[in-house]
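To start, the structure under review is shown below, and the notes come after it.
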Amino acid sequence: MMLTLDILKKVAHGITESFEKDCEVVIHAFHDKEFEECSIVYIENGEVSGRKEGDGPSQIVLEAIKKAGDEMKDQYSYLTRTQDGRILKSSSIFIRDDDEDITYILGINYDITAMMTARNTLDAFIKMEDEENKPHGFIPKNVNELLDELIKQSVQLVGKPVAWMNKEEKVQAIQFLNDSGAFLVTRSADKVSAYFGISKYTLYSYINVNK
């Protein structure tokens, strides 16, 4: 039986009542295999990430759905960061309808910045080189902020400004954006094609170059 939004709201409230102000719980609506610009339909303790109802999805959620699609499994206890640098311990639970299509995503984000600071103080002489202990992905306040961050990462990957990129380098950058799930966001193709100075037709040809 599919969980309704009202039931998910009660679950969200129960979690935040248990873990209080440092725990954010957010519900994203995901319909027709695409995120709308305003995917957050409910949020409690939004001050943790600085988001509110009507804001967009996180980078890690986009990447996960892009890579796994309908095969996506729930993700637990991974690290993310907010735009202002706080570290969150996060989990994403994918809610499906009777046809096994994803309809909602229940996200739990617990601010562990103070705990990390305390641990770093105690472990001042120990270097943390383990990749698993490094945050991956970040939580934006809106879709435009998320796309800007992904575009920035794509340019950093190539290692040169867009004006200096050749075709192969632009293909590399756009393939990164595609793999990161950037094009799951409504109208993202317009922004990306304008940024890289190419037509939407060229953009789609770059996306499909390896197919």
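Quick look at the values:
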item: Cβ crowding within 10 Å averaged over residues, with 7-19, 54-66 ranked highest first; result: 54-66, 7-19
item: Estimated vicinal HN-Hα couplings, Hz - region 79-85 in sequence order (Karplus 6.51, -1.76, 1.60; Gly, Pro = x); result: 9, 10, 9, 8, 4, 8, x
item: Placed amide H near SER180: partners under 5 Å, 5+ positions off or other chain; result: none
item: Cα-Cα P(r), region 140-194, percent of pairs per 5 Å interval; result: 4, 20, 34, 25, 12, 4, 0
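Read the figures in this text as sums done on the coordinates, not as results from a lab. All values reported here derive from a predicted model rather than from experimental measurement. Neighbour counts are summed over all protein chains in view; Cβ atoms, including those assigned to glycine, are modelled from backbone coordinates with ideal geometry.
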